[in-house]
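Chemist: Shown below is the structure under consideration.
The values are calculated or read from the model by the stated rules, or taken from the named source; none is laboratory data. Because the structure is a prediction, the values reported are computed rather than measured. All Cβ positions, glycine included, derive from the backbone under ideal geometry; neighbour counts span all protein chains shown.
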Amino acid sequence: MNVQAYMKKITAELEESVSFISHEETEALINQMLQSRRIFVAGAGRSGLMGKSFVMRLMHIGLEAYAVGETVTAGMEEGDLLIIGSGSGETATLAAVTEKARRLGGKTAAVTIQADSTIGRMADLTIQMPGAPKDRGQENFGTIQPMGSLFEQTMLVLYDALILGLMEKKGLDSETMYGRHANLE
């Protein structure tokens, strides 16, 4: 197979993957985001990178948002929301972060393949995602891609779609967002 054929297969997998995500779950998360004072996003590895891109767009639409673990991340308080992206829902460091957020009085949301995981059970809201876990031991979604790639890609598409939903509810368009875009580049 050549690279273009792989790209077509990957986009077909993504199209199938997004069709399994619940409208009710995504609307509940959008509503919680709009009700929250601040939004914190966490993930490990590539899931964390998807989360950081999400935080950037949240800032662009005028929400106070932070990537957990960065030096400029504020402290979480009651009324804040933590969104955890974890395919397995079992990443120990992310489970500890979820537990701490709950103790601090924050709301939590899990974006995960395994809704019945440690993080999924702790979360106030869960968006169950299709995808093959990176360990491939309990594969529940066929993919040609290695490890957790399909989950991570679907997560990025979900995060971008959540931004569009938030923009719609806030009456924003792309032009209004450029006022918050970095300008020291």
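Chemist: For residues in region 150-179 being under 24 Å from residue 9 (Cα atoms) and among the acidic types (Asp, Glu), which is surrounded by the most Cβ atoms within 10 Å (Cβ to Cβ)?
Modeler: Going through region 150-179, the residues under 24 Å from residue 9 (Cα atoms) turn out to be 150-161.
Okay, now just the ones that are also among the acidic types (Asp, Glu), so 152, 160.
Numbers: 152: 22, 160: 14.
Only one residue fits best here, namely 152.
Chemist: Among (1) β-branched (Val, Ile, Thr); (2) exposed (fewer than 15 other Cβ atoms within 10 Å of the Cβ); (3) in a helix (DSSP H, G or I), where does residue 10 come up short?
Modeler: (2)
Chemist: On to the next question. Among the residues of region 13-48, which ones are assigned to a helix (DSSP H, G or I) and either under 10 Å from the mean Cα position of the chain (by Cα) or surrounded by 19 or more Cβ atoms within 10 Å (Cβ to Cβ) (or both)? Walk me through how you get there before you give the answer.
Modeler: From region 13-48, those assigned to a helix (DSSP H, G or I) are 13-18, 23-35, 45-48; that's our starting set.
Selection gives 13, 17, 29, 33, 46, 47, 48.
Chemist: Then there's this: Restricting region 53-70 to residues that are free of Cβ contacts under 8 Å to residues at least 60 places away in the same chain and buried (at least 19 other Cβ atoms within 10 Å of the Cβ), which is farthest from residue 82 (Cα to Cα)? If you could, list the steps in order and put the result at the bottom.
Modeler: Restricting attention to region 53-70, the residues satisfying the condition of being free of Cβ contacts under 8 Å to residues at least 60 places away in the same chain are 55-56, 64-70.
Next, only the ones that are buried (at least 19 other Cβ atoms within 10 Å of the Cβ) stay: 55, 65-68.
Numbers: 55: 11, 65: 10, 66: 9, 67: 10, 68: 9 Å.
My answer is 55.
Chemist: Now a separate question. Output the number of the condition that residue 16 fails; it satisfies all remaining conditions of (1) closer than 23 Å to residue 115 by Cβ; (2) modelled with pLDDT of 95 or more.
Modeler: Answer for residue 16: the failing condition is (2).
Chemist: Looking at 115, 182, 74, 132, which one is assigned to a loop (DSSP other than H, G, I, E, B), buried (at least 20 other Cβ atoms within 10 Å of the Cβ) and modelled with pLDDT under 95?
Modeler: Just one listed residue meets the conditions, 132.
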